[in-house]
Amino acid sequence: MTAVPTSSTLASAQAEQREMIRQSAADFARMHIAPHVMEWDETQHFPRELFGQLGEYGFMGVLVPEEYGGTGLGYDAYITVIDEIAQVCGSIGLSVAAHNSLCTNHILLFGSEEQKQKYLPQLATGEHLGAWGLTEPNTGSDAGRMRTVAERQPDGGYILNGAKNFITHGISGEVAVVIARTGELLDSHGMTAFIVERGDEGFRGGKKEDKLGMRASETAEIIFENCYLPADRVLGEVGEGFIQSMKILDGGRISIAALSLGIAKGAMDAALAYSKEREQFGKAISRFQSIAFKLSDMATEIEAAELLTRNAGRLKDAGQPVTRESAMAKLYASETSVRVANEAVQIFGGYGFTKDYPVEKYYRDCKLCTIGEGTSEIQRLVISRTLLK
C-alpha cells in the first residue's frame, strides 16, 4: 500500500526545497553580484551578461514549466530567489523580477502554444531578456488613456505608433510584451497585448533614465514608429490586453513585495552587524535601548512583511484569487523596506550617509518599491475596493 503524504511531510519537503533554493540564490549573489555592486551602481552599468548565468541556475524561468525550458517551480521558490538576490543588490533583483513576472509570465499565461514554444525557452534560460510595456509618459496609473495605438491592417496584422516609458530592459530586452489601444479611450476592452521582437522595424529603445536608485537595472523608453506586427503577435484575444495586465500585476506585486523584503533584510543585517561593532561611551551601540528598540521594530516588520508575501504566494500557487492579498503584501513590504532602510541609515549615523557603507544604497533602492507596479496609493485603492464591493 502506498503511503499518503501527510501535511507535515509536505511542509517538511517544501521547507527543504526552499532552503536549497535559498542557498543556491545566496551563493550566486555572493559570488557573481556582491563584488560588483557599487561599481555597477556608480556607473549605472547594466550587466547583461549576468542574466545568462542566472539562467543557468534556473532563476530566469522559475515559474516556467520544464517543457518550455524553465524550472517549473512556484511562487514560494520565486519569492525566495528574489528575496536572496535583493539582499545583495536590489537592481539585479528588480531585473530578475520584471523578466520573470511580467514579460515571461504574460506569455506563459496568455500565449498560444506556438507562442510559448517560440519565446519561453529562450526567456527561461536568460538567452533572451524580457521587457513589459504598459506605462506611458502622460498616463502613469491611468492606463485607460494610453496613447500608443495599434491599427489593424487588411492582412490581419497591426501597425503600432506611440511610446512607453519606465520600461525595465527597454533597450536591452530581446522580447517585449506591449499593451496598445485597439479601441476607444477608457474602454477596458479597448486594449490588446502584443509580442514585439528586438529588430522589428519601427521598434527601438529610447532615453535611458538616470535614476536615484536601482541604477544597475536598465530603465528606458520604448518607441514605436509605424512598427508592423503580423497577426500572430497578438497575445491572447484582441481587446483583452488591459484585463490580462491586471492579472499579471497581481503576480507582479508579489515580486515587488519579495524585492522589498530582500532590500529590508539586507539593510537590517548591515545595521545589526554595525550596531554590535560600533562603540560609544564604552559599549556597543546595540546595548543602548534606543538602538535595540529600532532593531526590534525592524525585525518585527520584516517578519510581518514576509508572512504577507508568503501568504500571497501560497494563494497564487493554489490558483486562488490574490488581488487583495498581493496588494497588501506589496503595500506593507514596500513601505516596511523604506522604514527599515531609513532606520539603518540612522543607526550608522554619519557613516550611513557615505558610500563606504552599504545602507545608503539600500536607502536609495527601496523607494522604487513604493512606486513601481502600482504606487502605495494605488495599492490602497485596490484593497479598499475589495473591502467595499
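The values are calculated or read from the model by the stated rules, or taken from the named source; none is laboratory data. Just so you know, these numbers come straight off a predicted model, no measurement behind them. Cβ sites come from the backbone with ideal geometry, for glycine too, and all protein chains shown count toward neighbours. Surface areas here come from the heavy atoms of the whole protein model, side chains and all, with no ligands, DNA or RNA. Shrake-Rupley method; radii C 1.70, N 1.55, O 1.52, S 1.80 Å.
Observations on the model:
- In the stretch 320-339, the residues that are not small (G, A, S) form Cβ pairs under 8 Å with partners that are not in a helix (DSSP H, G or I), at six or more places apart or across chains, as follows: K330/E373; K330/G374.
- Counted residues, the stretch 223-277 - those being among the polar types (S, T, N, Q) and under 16 Å from S101 (Cα atoms): 4
- Residue in the stretch 187-220 that is most open to solvent (accessible area, probe 1.4 Å), counting only those that are over 20 Å from the mean Cα position of the chain (by Cα) and of a type in the set (D, E, K, R): E201
- Residue ID - farthest from the chain's Cα centre (by Cα), chosen from residues in the stretch 266-291 that are of a type in the set (A, V, I, L, M) and in a helix (DSSP H, G or I): I285
- Considering the conditions (1) assigned to a loop (DSSP other than H, G, I, E, B); (2) open to solvent by less than 60 Å² (accessible area, probe 1.4 Å), P154 is excluded by exactly one of them, (2).
- Considering the stretch 352-374, and only residues there that are touching a residue at least 40 places away in the same chain (Cβ under 8 Å) and aromatic (F, W, Y), the residue that is surrounded by the fewest Cβ atoms within 10 Å (Cβ to Cβ) turns out to be Y357.
Conditions tested, residue by residue: (1) under 30 Å from R147 (Cα atoms); (2) in contact with a strand residue (DSSP E or B) (Cβ under 9 Å, 6 or more places away or on another chain); (3) not aliphatic (A, V, I, L, M).
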| position | (1), (2), (3) |
| --- | --- |
| Y68 | no, no, yes |
| T104 | yes, yes, yes |
| Y119 | yes, yes, yes |
| Q122 | no, yes, yes |
| A131 | yes, yes, no |
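- Residue that is surrounded by the fewest Cβ atoms within 10 Å (Cβ to Cβ) [pool: residues in the stretch 43-57 that are touching a helix residue (DSSP H, G or I) at 6+ places or on another chain (Cβ under 9 Å) and without any contact (Cβ under 8 Å) to a residue 60 or more places away in the chain]: Y57
- Counted residues, the stretch 311-358 - those being within 20 Å of L381 (Cα to Cα) and of a type in the set (S, T, Y): 5
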